[in-house]
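Before any comments, here is the structure.
The values are calculated or read from the model by the stated rules, or taken from the named source; none is laboratory data. Predicted model only: the values in this text are computed from it and were never measured. Don't worry about glycine lacking a Cβ; one is built from the backbone with ideal geometry, like all the others, and counts go over all protein chains shown. Surface accessibility is based on the protein's heavy atoms, side chains included, excluding ligands, DNA and RNA. Shrake-Rupley method; radii C 1.70, N 1.55, O 1.52, S 1.80 Å.
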Amino acid sequence: MTKDLKDSFSAAGAGRRPGAAAPGTSRAPGGSGAATSAAGGSGASGPGPSGGATSSTGRGGTRNPATGTSGASGPSTSTSTSTGDAPPAPAALAAKVRTLAPSMTRSMQRVAEAVASDPAGCAALTVTGLAELTGTSEATVVRTARLLGYPGYRDLRLALAGLAAQQQSGRAPAVTADIAVDDPIADVVAKLAYDEQQTLADTAAGLDTVQLDAAVTALATARRIDIYGVGASGLVAQDLAQKLLRIGLVAHAHSDPHLAVTNAVQLRSGDAAVAISHSGSTGDIVEPLRVAFDHGATTVAITGRPDGPVSQYADHVLTTSTARETDLRPAAMSSRTGQLLVVDCLFIGVMQLTYDAAAPALAASYEALAHRHSPRTR
């Protein structure tokens with residue numbers, strides 16, 4: 001998520017999620033310690049010493065995006081830019097467009113889609129030229145550049161020139177083509193394979209490793225872990241629960257919203273809850289995470305919309321890639337791919353932290369199932 005969005009979410013406390021503590025204090029209810037910064041500092045807001053790392057607020061590395069900040073609707077158009085935040089690298093530009101476009105206004109989407117689809121052509125345009133090309137205004141072009149993480153349009157043009165050079169050298173692939181109803185199956189395979197690869201690359205590029213590390217620590221030290229997901233996200237929730245169970249952790253996936261809430265009521269400080277929702281606004285997922293949050297559990301959200309309601313109740317937000325939805329390719333296919341990558345990252349991180357106990361537990365589970373994989377004898 002861009003610096004502008006993070007600024008707008010925390011501005012004047014308007015975007016702070018319900019019950020969240022101010023930076024540097026423990027959150028209520030159930031807060032269990034002072035905040036520490038992403039780089040291990042004292043919890044001051046803004047980028048850490050490493051340049052661009054998200055600082056912690058509340059309990060242990062919290063980042064709290066929320067909706068409806070400062071009374072504004074839609075994405076933030078704040079013009080402030082921290083000197084500690086470096087603009088995104090050219091290779092990350094297309095990924096940021098795909099991730100942020102769904103939350104942009106329609107006019108900003110036209111600008112973002114134009115620069116992502118034709119970086120070379122747009123790099124040659126002035127701000128006025130790009131505004132005319134997209135049927136928008138110069139102010140919209142500048143706001144779009146800042147939302148994508150660039151201080152101004154000049155910096156965006158430089159990134160576009162760099163991206164164009166990469167594409168011409170063959171280091172960057174072309175934009176994914178939509179699947180047509182009359183595509184031969186070989187083309188369907190190729191297009192889906194490319195899109196899956198792009199989803200993984202975009203998710204990896206946008207994943208906040210500070211938040212990931214904090215979420216790993218929370219799961220590795222939790223007494224009990226509840227995981228919420230419905231539909232395609234429910235399958236991902238089951239996958240995470242099964243992985244954690246095999247290394248000896250107490251983890252349960254809940255797809256029934258009633259059971260999810262009644263289980264969340266039992267959580268306390270020292271427990272953890274993970275909500276998986278691509279839209280970030282599924283009520284059946286937001287409600288149990290809110291209950292878990294209110295009862296003091298450490299909460300994690302895996303979502304494609306870091307500005308969605310689910311993030312209001314998340315101590316740690318892990319963002320997945322956002323893909324366009326088409327008639328022949330529902331977005332759930334792409335969201336599931338990104339979610340599974342995040343789940344695997346969480347599992348490996350927990351495995352590393354708990355290796356002395358996890359390795360024997362995993363070996364025991366393999367041994368218990370070994371006979372089921374042996375050839376049958378008559």
Index of the failed condition, Lys243 passing every other in (1) part of a helix (DSSP H, G or I); (2) open to solvent by less than 40 Å² (accessible area, probe 1.4 Å): (2)
Taking the condition of being open to solvent by less than 20 Å² (accessible area, probe 1.4 Å) and either among the aromatic types (Phe, Trp, Tyr) or within 12 Å of Ala114 (Cα to Cα) (or both), how many residues in region 133-144 meet it? 3
Among the candidates Ala220, Ala232, Ala241, single out the residue that is out of contact with any Leu (no Cβ under 7 Å at 6 or more places or on another chain) and modelled with pLDDT of 95 or more. Ala241
Restricting region 246-281 to residues that are among the hydroxyl-bearing types (Ser, Thr, Tyr) and either at pLDDT 95 or above or in contact with a strand residue (DSSP E or B) (Cβ under 6 Å, 6 or more places away or on another chain) (or both), the one least open to solvent (accessible area, probe 1.4 Å) turns out to be Ser277
Six or more apart or on different chains, Cβ under 6 Å: which pairs go from a residue in region 114-134 that's among the small types (Gly, Ala, Ser) to one that's open to solvent by 30 Å² or more (accessible area, probe 1.4 Å)? Could you list them? Ser117/Val175; Ala123/Arg157; Ala123/Ala161; Ala131/Ser137; Ala131/Glu138
Scan region 282-298 residue by residue and report those that are open to solvent by less than 10 Å² (accessible area, probe 1.4 Å) and among the β-branched types (Val, Ile, Thr). Ile285
